[in-house]
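Derivation of every value follows stated rules applied to the coordinates shown; laboratory data play no part. None of these values were measured; they are calculated from a predicted model. Note: ideal-geometry Cβ built from the backbone for every residue, glycine included; neighbour counts use all protein chains shown.
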Amino acid sequence: MWRRVASVSHLTFAQKSIVNKDVCKLKFWEAFSTGIPRKEKGTFQRDKTPFITFVLGGPGSGKGTQCMKIVENFGFTHLSAGDILRREIASNSADGTMILDTIKEGKIVPSELTVKLIQKEMESSDNYKFLIDGFPRSEDNRIAFEQIIGAEPDIVLFFDCPEDEMMKRVLNRNQGRVDDNIDTIKKRLKVFSALNLPVVKYYLERGKLYKINAVGTVDEIYKQVYPLFAQFNFEQQV
Ligand code: ADP
Ligand code: C5P
Ligand code: MG
């Protein structure tokens, strides 16, 4: 799969995306068909190849804020890995305490657990367009996704934001998160540069990365994001 994707580097971005989607299709749907039997949903677009966007950026870089706008305009399903993990804590699952302790420390939850939770969300969605936000957080996350889901992203967004701006935004977020405090943010920023930046580099080298300048107003930033999705001619919501 990887060799075939690498061999299309001479194609345009849109052509590459079509090839990548075809290459990924088989394993992706194989992965879906081996899980818990799911009831067929009339509107589930199984005939459509999934379109996967990974959304990367440090804590507070504005990933979630921009994802909301992409959802509104292009009808994506937004899967925030952090939100999925927080829901797992709230559901009192067996892994809840471990996840909470990991988040408080700003560390990364074991990849297999996170990927399986993402997989469950994808399987139960009627959509074929996914924004996977805050994932992969590490090379280990990335490899686990490839192995478990058997797919790779069509595009990868990277919200590039200076640390002092991220720190300011996180401290003003006011959502009552256990990790939005100065001590945990410092740890999260360190984890981000040690473990997430290698993932950014990985996708940059493969021509999949779209770096967005994440400083400015929400609308200014979205002006850079919008054309990336508009070129695919998704059926637009508004
Ligand atoms: P992330 O998901 O990357 O952690 P969020 O989207 O939650 O980031 O944004 C973090 C905080 O910064 C939120 O309170 C959000 O309202 C705010 N925010 C998002 N984008 C901007 C921006 N461009 N300028 C100022 N504040 C922003
Ligand atoms: O993306 P968000 O800021 O919501 O993530 C909050 C925390 O969730 C991270 O700091 C990390 O502890 C955990 N997380 C993780 N693996 C991911 C995404 C988030 O362990 N892929
Ligand atoms: Mg977020």
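Values for this structure:
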{"item": "3J(HN,Hα) from dihedral phi, region 207-215, Karplus parametrisation 6.51/-1.76/1.60, rounded to Hz, x for glycine, proline", "result": "x, 9, 8, 10, 8, 10, 6, 8, 9"}
{"item": "Long-range tail of P(r) for region 95-159 (Cα pairs > 13 Å, %)", "result": "66 percent"}
{"item": "Full-extension gain in nm, Asn92 to Val71, via 0.36 nm per residue minus C-alpha separation", "result": "4.7 nm"}
{"item": "In nm, spacing of pseudo-spin labels at Val178 and Glu163 (7 Å Cα→C-beta vector)", "result": "2.5 nm"}
{"item": "Region 152-174 residues near the modelled Lys223 label - backbone nitrogen below 20 Å, point 7 Å along Cα→Cβ", "result": "158-162"}
{"item": "Charged-residue dipole, Cβ positions (Lys, Arg, Asp, Glu), region 47-115 about Cα centre, Debye nearest 20", "result": "220 debye"}
{"item": "Inter-centroid distance (Cα atoms) of region 50-72 relative to region 82-141, Å", "result": "15 Å"}
{"item": "HN-Hα J in Hz across region 162-177 - Karplus 6.51, -1.76, 1.60, θ = phi - 60°, x for Gly and Pro", "result": "x, 4, 5, 5, 4, 4, 4, 5, 5, 5, 9, 5, 6, 10, x, 6"}
{"item": "Shape of region 185-231, Cα gyration tensor, a/c cut at 1.5", "result": "oblate"}
{"item": "Under 5 Å, built H, 5+ apart or other chain: amide partners of Asp133", "result": "Val55, Leu79, Ser80, Ala81"}
{"item": "Computed FRET value (nearest 0.05) for Ile143 with Lys120, which takes r as the C-beta separation and R₀ as 25 Å", "result": "0.80"}
